[in-house]
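This report concerns only the one structure given below.
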């Protein structure tokens with residue numbers, strides 16, 4: 001009897017991804033539910049007009065926080081993972097200083113600059129009716145920008161140590177839970193805009209504190225007092241770190257701009273009420289992208305480790321497995337909200353049903369984007385952060401240009417088409433580059449199995465039930481139950497082709513770190 005040693009590393013990689021991805025996915029689902037619960041509370045408690053002003057302030061904070069991080073989260077992840085895997089050349093405390101000091105300086109500078117800019121921003125986003133409340137929220141949230149940026153950077157460093165637990169516990173679950181509890185309490189108490197913004201920002205403070213403590217413990221666990229490191233000048237290390245990171249900083253800024261800029265443009269070009277409706281529509285679709293982020297963040301250090309050791313075939317196989325799982329996880333959701341958008345939107349209030357076409361447009365583009373898998377992460381971990389920057393810049397330019405062209409004549413649907421086009425651009429460009437540079441592609445037997453199963457169940461069953469019974473919430477609930485059962489049976493039947501046996505291996509062996517050093 002012969003043993004297939006070639007498949008052993010690939011099976012171990014799948015099991016490792018299953019563990020990290022499962023944990024991240026659980027946190028992503030919990031975070032999505034908590035975030036949607038907060039949106040529900042805001043829309044019902046404040047109404048579309050005042051809720052839209054709140055969402056605009058939060059959108060601006062998210063864009064600024066990611067911008068101020070200047071890519072340090074990705075840089076810390078990649079350099080930490082590489083050091084643990086093959087190099088052991090950079091002292092962790094020196095790497096943290098190189099990464100975090102610029103983030104803190106930029107963050108404080110932006111926070112100070114926000115105060116004189118707040119009136120103009122408030123007026124442009126909220127008009128005469130909501131200018132004062134948006135201005136107040138911007139000034140309160142600006143105080144927390146440095147902590148928001150440092151939080152993202154520290155969480156990137158923890159993932160570089162091979163664990164998703166800090167990101168899941170602090171950022172995916174802890175932060176939105178606190179924001180829901182405190183924000184909901186503030187809304188029920190009828191407090192001012194300043195107190196509401198402060199309640200929301202408390203979640204950021206919690207996540208930062210948890211990330212800092214967690215990283216300290218991880219460093220103690222991984223660092224050996226007898227470790228031998230090649231002495232490298234700090235200037236040399238800093239140059240290498242920021243040469244990789246700065247292009248990624250702009251790419252991250254462009255990426256979050258694509259996710260949140262539409263909300264600001266809709267608010268400025270139409271109204272805060274339209275911004276609230278558009279926020280609900282986009283967040284429904286974005287819930288599916290939490291699965292994309294979950295798998296992507298779990299696979300980041302694995303890509304970095306495998307590619308740094310020249311194990312191209314394993315990296316390619318891992319990419320295909322991750323993409324098949326993403327299709328299997330996200331396509332049922334995208335198909336469901338696409339077909340039954342009126343029923344789901346009605347939960348937030350009757351006026352939100354007008355965004356049904358918006359949801360359909362966004363969900364259609366999301367099917368394309370998730371079908372390419374974590375391709376941008378693969379590109380970055382292969383060392384092509386500059387390429388990722390240009391891809392993200394092109395996507396953002398597409399988004400802004402089409403928003404300015406399409407929102408005036410088409411309203412919310414114009415914003416949706418702009419977002420959809422930018423998402424397709426952001427995924428097609430890195431796919432072409434990864435294919436030409438590494439020869440990788442996402443398609444596999446598992447991909448086709450996942451796609452076919454999703455369309456045959458959540459797609460065809462949904463279309464038939466909508467045609468026969470309409471789009472009430474009762475029909476939607478029945479559809480989820482029937483299609484979900486059919487999909488589960490299909491997935492179970494094709495579990496080997498989908499590499500789902502990795503989950504059984506994960507449970508049976510308790511894999512935390514594979515035998516050749518690829519961390520979970």
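The values are calculated or read from the model by the stated rules, or taken from the named source; none is laboratory data. None of the values given here were measured: they were computed from a predicted structure. Cβ placement follows ideal geometry from the backbone for every residue including glycine, while neighbour counts extend to all protein chains displayed.
The figures follow:
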item: Number of the condition not met by residue 186 [criteria: (1) free of Cβ contacts under 8 Å to residues at least 12 places away in the same chain; (2) more than 25 Å from the chain's Cα centre (by Cα)]; result: (1)
item: Condition broken by residue 236, with the remaining ones in (1) surrounded by fewer than 20 Cβ atoms within 10 Å (Cβ to Cβ); (2) closer than 25 Å to residue 48 by Cα; (3) at pLDDT below 90 satisfied; result: (2)
item: Near pairs, Cβ below 8 angstrom, 6+ apart or cross-chain, from region 122-142 (on the phi > 0 side of the Ramachandran plot and part of a helix (DSSP H, G or I)) to any residue that is buried (at least 21 other Cβ atoms within 10 Å of the Cβ) and modelled with pLDDT of 80 or more; result: 127/272
item: Among the residues listed as 330, 323, the single one being without any contact (Cβ under 8 Å) to a residue 60 or more places away in the chain, part of a helix (DSSP H, G or I) and under 18 Å from the mean Cα position of the chain (by Cα); result: 330
item: Top-ranked residue in region 372-395 [being surrounded by fewer than 21 Cβ atoms within 10 Å (Cβ to Cβ) and in a helix (DSSP H, G or I); ranked as modelled with the highest pLDDT]; result: 394
item: Matching residues, region 479-497, being in a helix (DSSP H, G or I), surrounded by 13 or more Cβ atoms within 10 Å (Cβ to Cβ) and over 27 Å from the mean Cα position of the chain (by Cα); result: 479, 482, 486, 490
item: Single residue of 96, 121, 125, 180 found to be under 30 Å from residue 240 (Cβ atoms) and within 27 Å of the chain's Cα centre (by Cα); result: 96
item: Any hit, region 166-174, residues being surrounded by fewer than 22 Cβ atoms within 10 Å (Cβ to Cβ), free of Cβ contacts under 8 Å to residues at least 24 places away in the same chain and either within 15 Å of the chain's Cα centre (by Cα) or in a helix (DSSP H, G or I) (or both); result: no
item: Check on residue 191, surrounded by fewer than 24 Cβ atoms within 10 Å (Cβ to Cβ) and assigned to a helix (DSSP H, G or I); result: no
item: Residue match in region 277-285 (condition: more than 22 Å from residue 254 (Cα to Cα) and either at pLDDT 85 or above or touching a helix residue (DSSP H, G or I) at 6+ places or on another chain (Cβ under 6 Å) (or both)); result: yes
item: Enumeration of residues in region 456-474 that are touching a residue at least 24 places away in the same chain (Cβ under 8 Å), surrounded by fewer than 17 Cβ atoms within 10 Å (Cβ to Cβ) and assigned to a helix (DSSP H, G or I); result: 456, 463, 473
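Residue-wise test of (1) under 21 Å from residue 142 (Cα atoms); (2) part of a helix (DSSP H, G or I); (3) touching a helix residue (DSSP H, G or I) at 6+ places or on another chain (Cβ under 8 Å).
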{"site": "163", "(1), (2), (3)": "no, no, yes"}
{"site": "182", "(1), (2), (3)": "yes, yes, yes"}
{"site": "202", "(1), (2), (3)": "yes, yes, yes"}
{"site": "214", "(1), (2), (3)": "no, yes, yes"}
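Conditions (1) farther than 27 Å from residue 382 by Cβ; (2) out of contact with any helix residue (DSSP H, G or I) (no Cβ under 7 Å at 6 or more places or on another chain); (3) at pLDDT 85 or above, marked per residue:
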position: 67; (1), (2), (3): no, no, yes
position: 73; (1), (2), (3): no, no, yes
position: 82; (1), (2), (3): no, no, no
position: 101; (1), (2), (3): yes, yes, yes
position: 117; (1), (2), (3): yes, yes, yes
